[in-house]
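Peer 1: The structure under discussion is supplied below as structure tokens; questions concerning it will follow.
The values are calculated or read from the model by the stated rules, or taken from the named source; none is laboratory data. The model shown is predicted, which means the values in this text are computed figures rather than measured ones. Reconstructed Cβ throughout: ideal geometry from the backbone, glycine too, with neighbour counts over all protein chains shown. Ligands, DNA and RNA are excluded from the accessible area calculation, which covers all protein heavy atoms including side chains. Shrake-Rupley method; radii C 1.70, N 1.55, O 1.52, S 1.80 Å.
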Amino acid sequence: MRTLLALTALAVLASAADKNPKKFKKDDWHPIFNGTTLEDWKAGDNTESWTVKDGAIRGDGQRSHLFYMKEKCINCEFKAEVRLNHTGNSGMYVRAAFGPGFPKGYEAQCENTSDDPVKTGSLYGFDKVFEQLVPDDTWWKQHVIIEGNHIQIFVNEKQTVDFIDEKNTYVSGYLALQQHNAGSIVDFKNLMMKELPPPKTPLVGTWHIKPEESTFSAGEVPKQLELRILEERDGIRYQSENVRADGQKTGSNYFARLDGLDYVLSGSPDYDHISIEEIDKNHIHEALKVAKIRKKPDEHYYLVIQRRGFVEIGRATYTISADRNMLRREGTIKHDKGDTLQYTEVFEKADP
């Protein structure tokens, strides 16, 4: 009887396991290629350039990029074994934007003997390696780590790139593979991904202004204003980009810790230092009283102060919605001419 009960219990557990297969933990490596089909992968164009051959993804044909569509990379690791023919050219992308042509995103270069002087192990367009590290027709291991605006690349476990992108060029996107040109043949196998811990602060993301919901006491609300915020070391890196009516781009850039201390800022005609701190969740901060904002559960609030030298010329309250998809900043700033601008800007987070 006991044996029968034990067997029954095991059967129930086995059935439950079948219905609820083990999920990968976010800090676990997991395969993103099954070795036989291109399931979960999609070409931006020229689909015929991609096949599966001998347990590897092969790029052979016209220029094309193959995107892993099952999940996006914000903070992640991406590794694979790669092989290129003579004069072949390819790449492994993180945070790539899906679409035809050469995508926007960070590319870990795969290139050994083509005419391009930028070789395997480079972060293309950012940090270049000119030494040939890998011979033709040889498998090598390539490993990319991206966390905040910190990108690292390893070739056969040797670090080739350790780069901080202070412009926060790409915040989120897909993993992708490159087939550069006809005549180039590249193989990828043992493709793996690891999701790294998400950003600690809800400020992180790409934010686009909603002009119809924003107001200025003087002048016009910007028609195009983008904020790109990423974690950098133990703080954040802020990059704004404003497109003026004449088409000229302007923007501010700074690194700051969320500690209320002053940090140097570049790109603003009005101020050169900034401080930012999260408003304590357990009490009503003076900044909220001044702004007449009633604190709501699960929202996040930050006090930002702008200074020119040691003189305060503006302050604002940043409010992040509970779902972390909306950013509202309200404040005042005093311009050189002495006039004070009061503003409310509403931003929506771009699709993560």
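Peer 1: Once the Cα atoms of helix 2-19 and of the chain are each reduced to a long axis, what angle between those two axes, in degrees from 0 to 90 to the nearest 10, is obtained?
Peer 2: Around 60 degrees separate the two axes.
Peer 1: Can you compute 3J(HN,Hα) from phi for each residue in segment 180-192, using the Karplus curve 6.51 cos²θ - 1.76 cosθ + 1.60 with θ = phi - 60°, rounded to whole Hz and x for Gly and Pro?
Peer 2: Along segment 180-192, the couplings run 6, 6, 4, x, 7, 10, 10, 10, 10, 9, 6, 7, 9 Hz.
Peer 1: Ok, one more. Give me, ordered by chain and number, the residues 5 or more places off ILE279 or on other chains with an amide H under 5 Å from its own placed amide H.
Peer 2: TYR301, TYR302, LEU303
Peer 1: Excluding ligands, DNA and RNA, what is the solvent-accessible area per residue of the chain at a probe of 1.4 Å, expressed in Å²?
Peer 2: 52
Peer 1: Need one value: the accessible area of ILE320 in square angstrom, 1.4 angstrom probe, rounded to the nearest 10.
Peer 2: 0
Peer 1: Using the Cα centre as the reference, give the magnitude of the dipole from point charges on the C-beta atoms of the chain (Lys, Arg: +1; Asp, Glu: -1; all else neutral), rounded to the nearest 20 debye.
Peer 2: The dipole of the chain has a size of about 1020 debye.
Peer 1: Further, regarding this structure: Kindly flag which residue pairs out of LYS42/LYS128; LYS158/LYS349; LYS79/LYS349; LYS167/LYS210; LYS70/LYS128; LYS119/LYS189 have an alpha-carbon separation exceeding 26 Å in this structure.
Peer 2: Distance filter (> 26 Å) returns LYS42/LYS128; LYS158/LYS349; LYS79/LYS349; LYS70/LYS128.
Peer 1: How large, in percent, is the carbon and sulfur part of the accessible surface of the chain at a probe radius of 1.4 Å?
Peer 2: Answer for the chain is 51 percent, counting heavy atoms of protein chains only.
Peer 1: Of (i) 74, 70, 36; (ii) 71, 53, 34; (iii) 62, 55, 36, which one was derived for Cα extents along the principal axes in Å from the structure shown?
Peer 2: (i)
Peer 1: Continuing with the same structure: Rounded to whole Hz and in sequence order, give me ³J(HN,Hα) for segment 253-269 from the Karplus expression 6.51 cos²θ - 1.76 cosθ + 1.60, θ = phi - 60°, writing x for Gly and Pro.
Peer 2: 9, 7, 9, 8, 8, 8, 10, x, 8, 7, 10, 5, 10, 10, x, 9, x
Peer 1: Starting at the first residue of segment 62-78, write each ³J(HN,Hα) from the Karplus equation 6.51 cos²θ - 1.76 cosθ + 1.60 with θ = phi - 60°, in whole Hz, x for Gly and Pro.
Peer 2: Values per residue, Gly and Pro as x: 5, 3, 7, 10, 10, 10, 8, 9, 6, 7, 9, 10, 9, 10, 7, 10, 9 Hz.
Peer 1: Something else about it: Looking at segment 230-271, which trypsin sites (Lys or Arg not before Pro) are DSSP coil and have at most 14 other C-beta atoms within 10 Å of their C-beta?
Peer 2: Answer by residue number: ARG233, ARG244.
Peer 1: If the elastic network links every pair of Cα atoms under 10 Å, which of LEU175, LEU258, LEU84 fluctuates the most in the Gaussian network model of the chain?
Peer 2: In this elastic network of the chain, the residue with the biggest mean-square fluctuation among LEU175, LEU258, LEU84 is LEU258.
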